[in-house]
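Let me begin by presenting the structure, written as structure tokens, before commenting on it.
Bear in mind that the values in this text are calculations on the coordinates, not laboratory data. Just so we're clear, the structure is a prediction, and the values are computed from it rather than from any experiment. Backbone-built Cβ (ideal geometry, glycine too); neighbour counts: all protein chains shown.
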Amino acid sequence: MSSRSWSPWRCRSGSDPRRSVTAQLIAKVTAGGGTHQADALRAWAQIRLESLTERAQEVAEAIGRGWGNAEIARRLYLGLPTVKAHVSRLLTKLDVANGTQVALLVHDARRPDHD
């Protein structure tokens, strides 16, 4: 038997359990990889976001900032049902499953250029 006892706070991957899953995922995605790979990822994300309407891009950016539907509605002066409709269309148009994937796409599009 192992000398280490089981703990709900110990993660298999060795990651810090106090960090959110989204924060861990962003850290993992942004760490490593060559500049060519990062440049390709940034360009791909930018092209996908540029295919959206201006308002849909604003909603995607808000999701990328971590705003919830109610906050997006308040800050962009939209009704909550309108925000939900925008988010639903974003998920379909970007072919993603949830807001976290939208946030990651926005994050990838913001990556700085590498010299």
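Miscellaneous remarks
- Within segment 40-58, tally of residues that are closer than 18 Å to Leu78 by Cα and either among the aliphatic types (A, V, I, L, M) or touching a strand residue (DSSP E or B) at 6+ places or on another chain (Cβ under 6 Å) (or both): 2
- Under the condition of being under 15 Å from the mean Cα position of the chain (by Cα) and touching a residue at least 12 places away in the same chain (Cβ under 8 Å), the residues counted in segment 70-109 number 13.
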